[in-house]
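Working notes, structure below.
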Amino acid sequence: MHIVRCPLSPGLSRLLLGLLWLGLTLGSLGPLPALAATPALVGIETGLPLPRFVSLKAGKVNVRVGPSRSHPVLWVYQRKGMPVEVIAEFEHWRRIRDADGDIGWIFHSLLDGKRTAVVKAMGDDETMSLHVTPDVTAEVLAAAEPGVVVKVETCQIRWCLVGADGYAGWSLKEQLWGIYPEESFE
């Protein structure tokens with residue numbers, strides 16, 4: 001083995017030494033486990049998955065710039081049951097994203113684990129059909145307009161059983177905001 005000295009700046013030398021130390025340290029730990037294609041993140045406060053969908057527990061919910069009551073209010077939700085996506089946690093605060101992509105902080109007690117979704121606008125189709133069974137050729141029980149909040153009972157690969165205003169039926173998952181495409185649950 002030959003060692004060749006190369007003139008390096010002090011900062012680059014420290015970086016290379018740090019990388020060498022890291023490599024030696026990791027090598028001494030033995031083989032590392034294989035990483036999943038998408039590692040599952042969990043909230044540091046709750047241990048629950050991040051991101052995850054929840055709903056608003058109250059009819060009036062302040063969304064703040066930061067995770068404390070001293071931070072200014074960005075806007076106020078006035079719709080109980082609206083789905084939001086928890087993307088981070090800090091103590092008793094949850095950073096959320098809504099269907100419009102807006103982000104802010106909400107106090108944890110104003111959120112509920114009950115699953116809801118918002119009907120999305122889908123091109124020329126003005127409404128979302130609620131079918132008797134999870135089949136596009138099945139009888140249509142009702143239709144929901146974009147913006148309607150529905151309770152989500154269960155989801156399969158392509159379909160979710162939802163309900164609103166006394167109606168319940170199966171809708172295509174792609175027509176709902178508040179459900180991940182790969183998500184299935186009962």
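The values are calculated or read from the model by the stated rules, or taken from the named source; none is laboratory data. Treat the numbers as computed from the prediction; the structure is a model and nothing was measured. So basically every Cβ, Gly included, is an ideal-geometry build from the backbone, and we count neighbours across all protein chains shown.
Of all residues in the range 144-175, which are aliphatic (A, V, I, L, M) and either in the same structural domain as residue 78 (by TED's automatic domain parsing) or not in a strand (DSSP E or B) (or both)? Can you show your working first?
Looking only at the range 144-175, we keep the residues that are aliphatic (A, V, I, L, M), and these are 144, 148-150, 152, 157, 161-162, 164, 168, 172.
Within the range 144-175, 148, 157 qualify.
Of all residues being under 14 Å from residue 120 (Cα atoms) and without any contact (Cβ under 8 Å) to a residue 60 or more places away in the chain in the range 85-105, which is farthest from the chain's Cα centre (by Cα)? Just the residue, please. It would help to see each step written out before you state the result.
As a first pass, look at the range 85-105 and keep what is under 14 Å from residue 120 (Cα atoms): 98-101.
Filter once more, so that each one left must be without any contact (Cβ under 8 Å) to a residue 60 or more places away in the chain: 98, 100-101.
Working: 98: 9, 100: 13, 101: 11 Å.
Result: 100.
Residues of the range 51-80 that are crowded, with 18+ Cβ neighbours inside 10 Å and either in contact with a Leu (Cβ under 9 Å, 6 or more places away or on another chain) or farther than 18 Å from residue 113 by Cβ (or both): 54, 55, 56, 61, 62, 63, 64, 67, 77.
Here the range 87-121 is the region considered, the condition is being in contact with an Asp or Glu (Cβ under 8 Å, 6 or more places away or on another chain) and exposed (fewer than 14 other Cβ atoms within 10 Å of the Cβ), and the residue that is nearest to residue 167 (Cα to Cα) is 92. If only residues of the range 45-76 that are within 26 Å of residue 153 (Cβ to Cβ) and small (Gly, Ala, Ser) are counted, the one that is farthest from the chain's Cα centre (by Cα) is 59. Among the basic types (Lys, Arg), free of Cβ contacts under 8 Å to residues at least 60 places away in the same chain and touching a strand residue (DSSP E or B) at 6+ places or on another chain (Cβ under 7 Å): does that describe residue 115? So residue 115 does not fit the description; no.
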